[in-house]
Amino acid sequence: MLLNHCDKVPWQDDHREQIPPTHILLVEDNPGDVFLVNALLNQMELPPYEVTQVDSLSAAFQCLEIDDFDVALLDLGLPDSQGMETLLGLQEKAPGLPTVVLTGLEDEALSAQLVRQGAQDYLVKGQISQSWLKSAIAHAIARSKWLEEQYQKERQLQQSNWALQYRVRECKNELAHMNDQLHLLEARSSTDALTGIANRYGFEQYLKREWLQARRDQRPLSVIMVDIDYFKQFNDSCGHPGGDECLKQVAQSLKAALKRPLDLIARYGGEEFVAILPDTVQHGAVKLATKMGARVKALAIRHPNSAVSSWVTASFGVASVIPTQKASSVDLIEQADRALYRAKTAGRDRIAYFQPPNFVTQPID
């Protein structure tokens, strides 16, 4: 059925009433071709077709502004547009409209170019049959729907990927924040609140790691136990605030004596401190303990009730070992503790270490 000026009249056959018509925009200025197309469509039983025919591209644009179409039959040679520009102009106006091109040339290069530019199919004028026309219209609509479905699926997949990437970034940020919080909690749980150095828990965790590493590498590991001399008497004389301040200053002076990143000083308990020295032999540990003792003295904290000095001093016990499968880190700590006991019983303000067969003590210069 041929309609002009964008007017449409649906098919009235009773057997077609239940099937919605296919809306066709026929853009053709040749009356003979218009008659042929309509004659072929009139001969088809199903589906019903509703044709709107215009003779120029501008008229087609006007129809597209006021109505929707299922497919366009487009002649490339129109009064106001010629060649490929006709197809491109229609696509720009109606990007999703399936288009079958009507051409008077049987040119394979042109047909390939038409398909590349977005035409669903093409028909050569003079060779159009009823079956070809019906097939071209049906395939154009079906292919356009399929392409739209693929586009929507791809778009949904892209949106899902964006959402997933956003969620992954959120999870990474949350994980980074949780790790920061965990590290903060670990640092707090491993730090002595009073002195600002590692506490006993932090020391024990660090000792476990360094013991295993030294055992794997068969490298020496040394420990220095430190005890402030006559600290109870100092507390009794100077009071609790004075004792806390003394502990802080001694802790920081011991920490300042450590120059390597892997060395650790910790508060072991009360007025006792302990240092872990990876990859350090006994001679090196004794040398470091001597520097520590000198730094404590250099603080010049007056001690009114010390039996060895008018100033705060400390005693040191040194132990070193190359870990083995049969030994444990507890053995190393016990040996350093015994050495500290020897330093204290030998008069304090000195260093003690085990030199087979006996413990050796030496004063701090």
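The values are calculated or read from the model by the stated rules, or taken from the named source; none is laboratory data. Since we're looking at a predicted model, the values are computed, not measured. Please note: Cβ atoms are built from the backbone with ideal geometry, for glycine as well, and neighbour counts cover all protein chains shown. The accessibility values were calculated without ligands, DNA or RNA, using every heavy atom of the protein model including side chains. Shrake-Rupley method; radii C 1.70, N 1.55, O 1.52, S 1.80 Å.
Observations, loosely collected:
- Helices (runs of 4 or more DSSP H) lying entirely in the range 45-117 (those with 2 or more residues that are open to solvent by less than 20 Å² (accessible area, probe 1.4 Å), in contact (Cβ under 8 Å) with a residue 12 or more places away in the chain and in contact with a strand residue (DSSP E or B) (Cβ under 9 Å, 6 or more places away or on another chain)): 57-66, 84-93
- Among the residues making up the range 264-278, those that are in contact with a Phe, Trp or Tyr (Cβ under 8 Å, 6 or more places away or on another chain) and either of a type outside the set (D, E, K, R) or closer than 16 Å to Glu210 by Cβ (or both) are Leu264, Ile265, Ala266, Tyr268, Gly270, Val274, Ile276.
For (1) surrounded by 24 or more Cβ atoms within 10 Å (Cβ to Cβ); (2) over 24 Å from Trp211 (Cα atoms); (3) over 45 Å from the mean Cα position of the chain (by Cα), each residue gets a yes or a no:
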| site | (1), (2), (3) |
| --- | --- |
| Ala314 | yes, yes, yes |
| Ile322 | no, no, no |
| Lys326 | no, no, no |
| Ser329 | no, no, no |
| Glu334 | no, no, yes |
| Arg338 | no, no, yes |
| Ala352 | yes, no, yes |
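- You will find that of Tyr166, Tyr230, the residue that is out of contact with any strand residue (DSSP E or B) (no Cβ under 9 Å at 6 or more places or on another chain) and free of Cβ contacts under 8 Å to residues at least 24 places away in the same chain is Tyr166 and no other.
- Residues that are in contact with a Leu (Cβ under 8 Å, 6 or more places away or on another chain) and more than 20 Å from Ala138 (Cβ to Cβ), drawn from the range 91-109: Gln91, Lys93
- Test result for Thr345, modelled with pLDDT of 95 or more and open to solvent by less than 70 Å² (accessible area, probe 1.4 Å): no
- Members of the range 253-266 that are among the basic types (Lys, Arg) and surrounded by 16 or more Cβ atoms within 10 Å (Cβ to Cβ): Lys255
- Residue list for the range 185-201, restricted to those being in contact with a strand residue (DSSP E or B) (Cβ under 8 Å, 6 or more places away or on another chain) and either part of a helix (DSSP H, G or I) or closer than 13 Å to Thr324 by Cα (or both): Arg200
- Residue in the range 139-149 that is in a helix (DSSP H, G or I), surrounded by 15 or more Cβ atoms within 10 Å (Cβ to Cβ) and of a type in the set (Gly, Ala, Ser) present: yes
- Evaluation of Arg215 against (1) crowded, with 20+ Cβ neighbours inside 10 Å; (2) in contact with a Pro (Cβ under 6 Å, 6 or more places away or on another chain) (one fails), failing number: (1)
- Pairs are defined by a Cβ separation below 9 Å, a sequence spacing of at least 6 or placement on different chains, a first member in the range 300-329 that is free of Cβ contacts under 8 Å to residues at least 24 places away in the same chain, and a second member that is basic (Lys, Arg) and in a strand (DSSP E or B); the pairs so defined are Ser310/Arg302; Trp311/Arg302.
- Single residue of the range 235-252 satisfying the filter (modelled with pLDDT under 95 and not acidic (Asp, Glu)) that is least open to solvent (accessible area, probe 1.4 Å): Gly243
- So Glu204, is it outside any loop (DSSP other than H, G, I, E, B), surrounded by 14 or more Cβ atoms within 10 Å (Cβ to Cβ) and without any contact (Cβ under 8 Å) to a residue 24 or more places away in the chain: yes
- Summed over the range 216-245, the residues that are among the hydroxyl-bearing types (Ser, Thr, Tyr), closer than 19 Å to Arg350 by Cα and out of contact with any helix residue (DSSP H, G or I) (no Cβ under 7 Å at 6 or more places or on another chain) give a count of 1.
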